[in-house]
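See below for the structure under consideration.
The values are calculated or read from the model by the stated rules, or taken from the named source; none is laboratory data. All of these numbers come straight from a predicted model, not from anything done at the bench. Cβ coordinates were reconstructed from backbone atoms using ideal geometry, including for glycine residues, and neighbour counts include every protein chain displayed. The accessibility values were calculated without ligands, DNA or RNA, using every heavy atom of the protein model including side chains. Shrake-Rupley method; radii C 1.70, N 1.55, O 1.52, S 1.80 Å.
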Amino acid sequence: MVDAFLLIFVLVIIGAAFFANVKVLMYYQQPEDSGFGSSIFCKGIIVFSLTLAWMLNILLPVDVRNSRPRPGVIDMKVVWTTAFFTLAAFVVLVVPAAMFYTEVEGDDVIKKKRRYVCCNMFILLFFVVAAIALSYPFLANASMPVFEYSCDQWQDGDDVVPPSQVGLSACSGFEETHLEMKVGFDVYIIAVMCFVGWLFFVVFGGIGLSAVPLDLILEYTDRPKPIDEQMYQQRRRLLGQAASLLMVQADSLQGKDCDLANSKGWRAGREKRAVRADYNKFKRDVMLLETEFERLKISKFHKGENLAVSIAKLTMGILCAIMSIMWVLHIILVVVVPQLDPGSDIQFLDAIFSACEGSGLYPLGVALFAVFTLYLLACVVKGCLKFGMRIFFLFSIHPMRHQSTPLNSILFNVEMVLITSAAVCQFSQTAFRDYARLTDAEVIFSAQVKYMSFYSFFFKNNIFIWALLGFFVLALIYLLVKPRDNADFRPDMKADKQLARIIGVKSLGLPGKKDKKNKRDKDLDEAAAALAYCAGGSLDVLLMPPVHRQPWLQHEAGGELSAGSPQTS
């Protein structure tokens, strides 16, 4: 008989996830992308990808409901396999294709955009398919531990023996051995997805567990406060100087990129990587400059940040700190301690979920489970941003900001969420093994994936979980010592050192001499015009050649900022 409650509950979860993800997209996307018909294909991919991540992390409570107190009619093994194959398709095919397309959309340099996307996708698929095809014959073997009993005694048919004693009366002994078997292709794909996801989850998730609460609390302590006209003009002029220097830096980066465009060889490759690292650092500085410009406007024209918003940030920071502490304690008590002391049996969050299940509060248990697992995905996004803000040579940063996030940046973070969702699923089953008992997830993750050759070393010894704790501790120490980003600055005297670093001087002398006021104001207006446009989410003006940028700045400084994007060369 179909569990009507479970069916209705799953449908409600899917609808709620779809609605919430549409709201998330509307909150972060740029105003120029807010039209219903604007990039509808990419928006659909974003919403469906996030919904898939939600559902994948809710499957474990559904599996629990379907397996207890008696097995349900839903074949959860088929559901798990379908979910992971869909996840693999989105990770390897759908989201990367959308990212490649948004990169070249509107770029006049690349004329044949479809060919560009197809070529990049062909290269990506070639390496992925080749890696799977070459590794499956060698790494799909599993060695499962079993007990082999030696039964050499005949049991009299008239004897009345309890079922629990039959084995002891008929079998003289047993020994531990291993059952060699080859897992199916579906289980192997699940194992590969989990392994790759763990590589990102241990780094970004560990950093995010400490960064999420600390950043929210710092946003409260560094909230914009009311300032007078004199302070506003001083800070505005300093921001203009910093913006002007960033424009010069953009010219330098553009020149280096053009010089190395046709260069080949090992030395040219090293120089290109250096330019890419400088460009990522440049984007970091621009993002922080835009943030400070917005904060300055709030301090002047809104008399500081709304008190309700500030209190909400502080409250969320405290709640996230509690959740991070609970996760770390749960990992130590339920995963680490039993590994060091096999006789221990400690329950922490398991007990909460089991209590909700036993008392008939199944929806509450699922809601709590979803909060804890989705919090891990949020930590991954924050950890990726924090990592990119300090390690420039690996990848470019893709910050998520209200109504200032390009679709390509949203897609990058969606890809990161999808990749780590597989690892979060396996981690949840391992961390909540008592809650996940007698489920198909336990059979897949604990009885097959855990004992596959090559992968067993990492999963049996909890290598990734130890690494997760290690990254959490290291990130916590680092962020407590150096909580703010290198180029971060606030409207006070401490911020002047950071601004001086961007401008390239040892110290800042606040402008005030009348004989230089007119020239400074002219430079300020040009830089502020560019900065104001960049605050809307575009970096195009900073990447324009000077011959094209100067007329545009003079035009924008003389009137209101136009809604159109400047043309880049």
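Find all pairs meeting these conditions: Cβ atoms under 9 angstrom apart; at least six residues apart or on different chains; first residue within segment 293-306 and under 17 Å from Tyr220 (Cβ atoms) and at pLDDT 80 or above; second residue surrounded by 15 or more Cβ atoms within 10 Å (Cβ to Cβ) and among the polar types (S, T, N, Q).
These pairs meet every condition: Glu294/Ser404; Gly304/Ser310; Glu305/Ser299.
Any residue that is open to solvent by 70 Å² or more (accessible area, probe 1.4 Å), hydrophobic (A, V, I, L, M, F, W, C) and over 28 Å from the mean Cα position of the chain (by Cα) - is there at least one of those in segment 279-300?
No, segment 279-300 contains no residue that is open to solvent by 70 Å² or more (accessible area, probe 1.4 Å), hydrophobic (A, V, I, L, M, F, W, C) and over 28 Å from the mean Cα position of the chain (by Cα).
Evaluate segment 319-342: report whether one residue or more is under 27 Å from Val414 (Cβ atoms), open to solvent by 70 Å² or more (accessible area, probe 1.4 Å) and modelled with pLDDT of 90 or more.
Within segment 319-342 (the criterion being under 27 Å from Val414 (Cβ atoms), open to solvent by 70 Å² or more (accessible area, probe 1.4 Å) and modelled with pLDDT of 90 or more), the answer is yes, since at least one residue qualifies.
Being more than 22 Å from the chain's Cα centre (by Cα) and surrounded by fewer than 20 Cβ atoms within 10 Å (Cβ to Cβ) is the requirement here; does Asn461 meet it?
Yes: the conditions hold for Asn461.
What residue, among those in segment 212-231 that are open to solvent by less than 30 Å² (accessible area, probe 1.4 Å) and in contact with a Lys or Arg (Cβ under 6 Å, 6 or more places away or on another chain), is modelled with the lowest pLDDT?
Filtering first and then ranking leaves Asp222.
Among the residues of segment 432-440, is any open to solvent by 10 Å² or more (accessible area, probe 1.4 Å), among the charged types (D, E, K, R) and under 26 Å from the mean Cα position of the chain (by Cα)?
yes
Quick one: would you say Thr430 is at pLDDT 80 or above and within 20 Å of Val334 (Cβ to Cβ)?
Judged against the criteria, Thr430 is a match.
Of all the residues that make up segment 77-100, how many are crowded, with 22+ Cβ neighbours inside 10 Å and over 18 Å from the mean Cα position of the chain (by Cα)?
2
What are the pairs with Cβ atoms under 6 angstrom where one residue, in segment 426-451, is in contact (Cβ under 8 Å) with a residue 24 or more places away in the chain and the other, located anywhere, is among the charged types (D, E, K, R)? Sequence gap at least six, or different chains.
Phe432/Asp350; Asp434/Asp350; Tyr435/Asp350; Ala436/Glu442; Thr439/Asp63; Asp440/Asp63; Asp440/Lys77; Ala441/Asp63
What are the residues in segment 171-211 that are over 26 Å from the mean Cα position of the chain (by Cα), of a type in the set (A, V, I, L, M, F, W, C) and open to solvent by 30 Å² or more (accessible area, probe 1.4 Å), if any? Can you show your working first?
Of the residues in segment 171-211, the ones over 26 Å from the mean Cα position of the chain (by Cα) are 171-185.
Cutting the leftovers down to of a type in the set (A, V, I, L, M, F, W, C) gives us 171, 174, 179, 181, 183, 185.
Residues satisfying the conditions are Phe174, Leu179, Met181, Phe185.
Return a yes/no flag: does segment 466-485 have any residue that is surrounded by 15 or more Cβ atoms within 10 Å (Cβ to Cβ), within 20 Å of the chain's Cα centre (by Cα) and of a type in the set (Lys, Arg).
Among the residues of segment 466-485, at least one is surrounded by 15 or more Cβ atoms within 10 Å (Cβ to Cβ), within 20 Å of the chain's Cα centre (by Cα) and of a type in the set (Lys, Arg), which makes the answer yes.
Are any residues in segment 343-369 exposed (fewer than 15 other Cβ atoms within 10 Å of the Cβ), closer than 26 Å to Ile14 by Cα and polar (S, T, N, Q), and if so, which ones?
Selection gives Ser359 alone.
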